Structure formats: C-alpha cells, structure tokens
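Where a number appears in this text, it was derived from the coordinates with a stated rule and is not lab data. Since the model is a prediction, treat every value here as computed from it, not as a measurement. Neighbour counts run over all protein chains shown; Cβ positions are idealised from the backbone, glycine included.
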Amino acid sequence: MRKNYIDNLRIMAILLLFPVHTCMIWNNFGEKFYIWEGENKILSTLIITVNPWFMPLLFAVAGISARYSLLKRSKKEFFIERIQKLLVPFIAGLVFLVPVQTFYARKFFFHYQGRYIDNIVYFFTHVTDFSGYDGCFTPAHLWFILFLFIISVLFLAVNKFLPYEKTEKYVSRMNIWQIVALFVPVALLYYAGNFGGFSIGKCFILFMFGYYVLSNDAVMDTVKRNAGLVFILFAVAELILLVLFYTIHFYEDVFVNYTAWVGILAMLAAGERFFNKRTSFTKYFTAASFPIYILHQTILVAVAYYTVTYCSVLVLRVIGILAGSFLVTAACYEILKRIPGIRRLFGIYIKKEA
C-alpha cells in the first residue's frame with residue numbers, strides 16, 4: 001500500500017527550499033549566496049530552524065522509498081531507474097542550469113559584463129572551492145542529486161550482502177531510546193566525505209537508516225506510540241539552537257545532527273498521523289517536486305538578481321523573490337513537461353508513457 005505521507009513529506013521539504021534559499025540572500029552566518037544583500041538575523045532565523053532537518057529528511061525518505069521500490073522491481077531495474085532519474089538530470093542541470101547561477105553571481109559580485117557563452121567556458125575551466133559564487137565550477141544545489149546517485153550505488157553494493165530480511169527482526173525490537181540514539185552514527189559520519197558542510201557520509205547513513213530502520217513498520221509503530229516524547233525532544237532541540245544562535249552565535253555540529261535526527265522522527269510521526277492523504281494538490285506535486293527541485297535555484301537566483309537591482313524595499317524584495325521564483329519555476333515545469341525528450345533531461349516522466 002502506498003504511504004502517501006512519504007510523498008507529502010518530500011513535497012514539504014522541497015517547497016521549503018523557496019523560503020530557505022530566499023532567506024539565504026540575507027543570511028548572517030558567513031555563507032554568501034549567489035546573490036547576497038547583507039546580514040539579516042530575522043530572515044536567518046528560518047534557515048537556522050529548518051536547515052538541520054529538511055535536507056536530511058529527504059535522504060531518509062529516499063531510503064524509505066528505496067525499500068518500497070525494491071519490492072516491485074529488481075536491483076537492476078532500480079539501478080537503471082537511478083541513472084534515468086538522477087544521473088541524467090544531474091548532467092543536464094550541470095550543463096544547462098548551474099552556469100546561469102554563476103553568471104548572475106559574477107554579475108552581482110564582480111560586475112561581469114561579458115557574454116553568457118564566455119561565462120560557460122569560464123565555468124567549466126575554472127575550479128576553486130566549488131561554491132560557485134566566484135563564477136567557477138560547482139554542482140550547486142545539484143549536490144543532492146549527485147549524492148543520492150552515489151549513495152544509491154553504494155546502497156546496492158551493501159544490500160547485496162546485507163538484505164533487509166537479515167536486519168528486520170533485530171530492528172523491530174528497538175525501543176524509542178535506541179531509535180533516538182541512532183543520531184550518534186549520523187553525527188560521527190558527518191565528518192566522512194564532508195565537502196564544505198555537505199557530507200556524503202551523513203547522507204549515506206540517513207539513507208541506510210531510512211531503508212533498514214524507518215521503513216520497518218514496528219519501528220514506526222514505536223515512534224508513533226512515543227510521538228509526544230519525540231516532539232518534545234525536537235522542540236527543545238530547536239529552542240536550544242535558537243537560543244544559542246541569538247546569544248553566542250553558536251551552531252555546533254553534533255547538536256545540529258542530533259536535531260536533524262529527532263526532527264526526522266518528528267516529521268515522520270506527524271506525517272503519518274496528519275498528512276497521510278492524497279489530494280489533487282499532493283498528486284500534482286508528487287510528480288512535480290523533483291523537477292521543481294532541479295529548476296528552482298537557478299530561477300530563484302535570476303529572479304533575485306533583478307529584484308534586488310530594481311527594488312529597494314526589503315519586504316517587497318523577499319515577497320517578490322519568493323513568489324516570483326515559485327511561479328516561474330512552476331511555469332517552466334509546465335512548459336518542459338510538454339516537450340518530449342527534453343522533459344526527461346530534467347527528471348520529468350509522464351505516467352501515460354510507461
């Protein structure tokens with residue numbers, strides 16, 4: 001049976017990217033965005049409260065989805081699907097979308113006046129810190145898709161020797177404190193393959209926990225029975241993060257990863273209880289969310305560049321970037337999904353073609 005709340009949590013996390021990346025334009029914790037208009041602590045607050053858990057949630061949900069995917073397809077079919085839905089869109093996005101972001105970054109920070117085609121050459125021939133804010137090569141927001149493809153390949157190798165059935169009876173016996181304690185390997189693996197805060201080790205273990213632990217019905221029953229405790233742990237963690245942020249500007253790695261894990265548990269408990277429904281809205285965005293992820297940041301950066309250039313009122317800037325980028329992204333998705341061949345480059349698949 002399809003678990004609609006898994007799709008709905010994925011939709012929520014991806015739609016959160018619009019306000020989070022809008023607020024990144026005014027972040028005050030030292031990370032410049034492709035367009036950066038200076039520090040604003042209030043706007044940075046949204047990032048501080050959401051960042052610890054919403055991208056980790058996507059990796060955990062991907063692991064859960066892999067469990068159900070392998071119930072109806074072979075490992076070979078799963079691998080081919082990962083190539084089609086992850087690797088191909090990553091390459092397409094890297095060629096057609098990411099250079100646009102670096103183009104506007106160069107225009108904003110360095111007043112670049114050259115041609116866009118020259119920027120593409122510069123993008124593919126210059127490498128610095130992979131941030132892309134200087135116009136040089138970067139995977140940008142597509143790091144998520146690249147990581148997910150690599151993790152999917154590693155997962156298939158592990159799963160060959162450790163099938164789900166070998167762990168099921170042990171995992172099923174876990175109590176709530178043992179489940180919560182799984183934040184420890186999440187925190188430890190944060191330092192494995194860490195590229196500027198983007199950790200493939202952490203993302204890998206979250207995917208694996210999604211597959212082996214969070215897809216287990218007994219585990220989720222335990223989480224649901226203890227939902228009150230999980231929500232309290234998450235709320236206290238978020239409160240501590242905010243207090244630290246507003247007092248000593250402290251954002252410590254281990255505690256952030258703890259917040260990520262209890263946040264995932266809280267979101268899954270809330271999702272199964274309150275958001276396990278399929279509506280016309282969720283049906284639309286279940287299909288649209290992944291292509292929207294691929295498209296959104298490039299469009300947001302372009303909208304932000306022109307908004308901050310021609311508008312000086314902060315509130316109007318924020319609203320304009322948030323609403324404008326969402327509407328343009330949705331419009332681009334609607335256009336692309338009507339173009340056979342091209343749509344597959346951006347992860348858009350129409351069911352009737354199957």
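Work through the residues other than Y122 whose Cβ is under 11 Å from its Cβ and net out their charges, Lys, Arg +1 and Asp, Glu -1. Computed value for this residue: 0. Qualifying trypsin sites (Lys or Arg not before Pro) in segment 243-288, where qualification requires a DSSP coil assignment and no more than 15 other C-beta atoms within 10 Å, comprise K277, R278. When you count the other C-beta atoms within 10 angstrom of each residue and take the mean per peptide, 88-95, 257-264 line up highest first as 257-264, 88-95.
Charge tally for N27 (other residues, Cβ to Cβ under 11 Å; Lys, Arg +1; Asp, Glu -1): -1. For segment 4-353, the relative contact order is 27 percent, taking Cα pairs closer than 8 Å that sit 6 or more residues apart in sequence and dividing their mean separation by the residue count.
Over all other residues within a Cβ to Cβ distance under 13 Å of F79, the charged ones net out to +4, with Lys and Arg as +1 and Asp and Glu as -1. Counting neighbouring Cβ atoms within 10 Å and putting the fewest first, the residues L146, L86, L97 line up as L146, L97, L86. Arranged from fewest to most other beta-carbon atoms within 10 Å of their beta carbon, E165, E37, E334 become E165, E334, E37. For segment 60-139, the set of trypsin sites (Lys or Arg not before Pro) satisfying both a DSSP loop assignment and a count of at most 14 other C-beta atoms within 10 Å is given as K72, R73, R115. Taking the number of Cβ atoms within 10 Å of each Cβ as an exposure proxy, the fewest-first ranking of V236, V315 is V315, V236.
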